[in-house]
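Note sheet for the following structure.
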Amino acid sequence: MKNKKYKVIALLISLFIISCATVFKRQTFFSFLVPFLFAHCDTMDGPVIQAAKKALETRNVDSVLIWVQKDDEDEIRGVFEKTLEVRKLNPKAQELADMYFFETLVRIHRSGEGAPYTGIKPAGAEVEPGIEAADKAIEDATADNLVRGISIQIDNEIRQRFNNVMAKKKLIKQSVEAGREYVRAYIEFIHYIERLYSDISGDASHHTEIEETGHKQ
C-alpha cells in the first residue's frame, strides 16, 4: 500500500510539471522540462551544495558522492582532497577553494544527469514551484499537502481545457473560422491529455512524435 502511495505521488508531480510545460507551446516537452528538473541543484541553497558544505565541515566526501555517477567518484575525491588542503591557508583561500569545489561538483552532477552547467545561482534564487513543494514534503516527512496541491493544479488544467473545447464546439456551425477555433481547442486538449498518459506509461518516443509532427500518425 505504501509503495502504491509513493507511485501516485511521483505521478502527480510529473503531471504538475507537464501542465506547466504546456504554457510554452513552441518548446518541446523535454527542452522545457530538463532545466526545471535540475534547476535547484545549481543554487547555493540547493541540496547538492548543502551536501558539499556538510562534506567540507565533516571532512567526509561520502555525502557528496551520492550526487555523482560512479565513474565520476575519483575526480570528486581528488578535488575534495585538494580543497581541504587549500582551505588551511587563509580565509580567502578557503572561500575560493570552497567555490571551486561547489562548481566542480555541480558541473559533474548535472553532466551525469544530462543537463547543461550554466554556473551556480545565488541563495534564494527562484525555484520552480513543483520542485519547491516536493522538497518541502520531504522536509516535513509527509506528502499530504503536496498531493493535495498538485491534484488541484491538474484538475484545474484539465477542466480549463475541456471547458474551452465545449464552448468552441457550441459555435462550430457559425462559420468556417469558428470551426477552426474549435479544432484548435480540440487539438490542444487532446494533446495535453495524451502527454499526461504518455508520461504515465513512459512512452517518450510517442510524445516526441506528437510534438514534432503536431499530430498522431
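In loop segments of the range 88-167 as defined by DSSP, the trypsin sites (Lys or Arg not before Pro) with at most 15 further C-beta atoms inside 10 Å of their C-beta are Lys88. Centroid-to-centroid, using Cα positions, the range 65-83 and the range 106-160 are 25 Å apart. A full extension of the chain between Glu113 and Ile138 corresponds to an added length of 6.9 nm, given 0.36 nm per residue minus the alpha carbon distance.
Pairs of lysine residues in the range 30-158 that meet both criteria, 8 or more places apart or on different chains and Cα atoms under 27 Å apart, total 19.
The ratio of the alpha-carbon radius of gyration of the range 74-193 to the globular-protein estimate 2.2 N^0.38 Å is 1.84. Sorted ascending by nearby beta carbons within 10 Å, beginning with the fewest, Leu146, Leu84 become Leu84, Leu146.
Shape analysis of the range 52-123 based on the Cα gyration tensor places the equivalent ellipsoid semi-axes at 20, 15, 10 Å, largest first.
Think of each Lys and Arg Cβ as +1 and each Asp and Glu Cβ as -1; about the Cα centre, that makes the dipole of the range 62-107 roughly 240 debye.
Sparse packing (at most 12 other Cβ atoms within 10 Å of the Cβ) combined with a DSSP loop state is found for the following GluC sites (Glu not before Pro) in the range 106-169: Glu126. Given R0 = 30 Å, the distance between the Cβ atoms of Ala93 and Ser63 translates into a calculated FRET efficiency of 0.85.
Bear in mind these aren't lab numbers, they're just calculated from the coordinates by the rules spelled out. Remember, predicted model here, so these are calculated numbers, not experimental data. As a convention, Cβ positions derive from the backbone with ideal geometry for all residues, glycine included, and neighbour counts pool all protein chains shown.
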